[in-house]
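FYI, it's all coordinate maths here, none of it is from the lab. In this text, all values refer to a predicted model and were calculated from it rather than measured experimentally. Cβ atoms come from the backbone with ideal geometry, glycine included; neighbour counts cover every protein chain shown.
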């Protein structure tokens with residue numbers, strides 16, 4: 001169980017970091033937030049892939065899900081700034 005959680009955190013960090021790199025502009029997030037974005041992106045990708053293709057999501061789809069979350073967060077911050 002501990003190895004599963006460590007693997008989940010490491011995968012979330014990688015996916016979240018790649019998702020942040022995919023979106024231009026400043027992304028002032030902590031490492032913890034990056035991990036949560038990566039886990040959330042993987043969850044979104046897994047749900048979409050499961051519904052559409054009846055199989056799990058890969059790394060590319062997970063990074064796209066994380067990039068979507070980062071993009072939505074940037075839009076939300078821009079709206080609050082105005």
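Residue 33 to residue 60: extension gain in nm, 0.36 nm per residue of separation minus the Cα-Cα distance?
Contour length minus the Cα-Cα distance gives 7.7 nm.
Kirkwood hydrodynamic radius computed over the chain comes to 12.9 Å, based on all pairs of distinct alpha carbons. For the chain, adding -39500 (n - 2.57) for each run of n ≥ 4 DSSP H residues and dividing by the number of residues yields -28500 deg cm²/dmol at 222 nm.
Based on the Cβ-Cβ distance of residue 78 and residue 53, what FRET efficiency does E = 1/(1 + (r/R0)^6) give at R0 = 30 Å, to the nearest 0.05? Efficiency for this residue pair is about 0.35.
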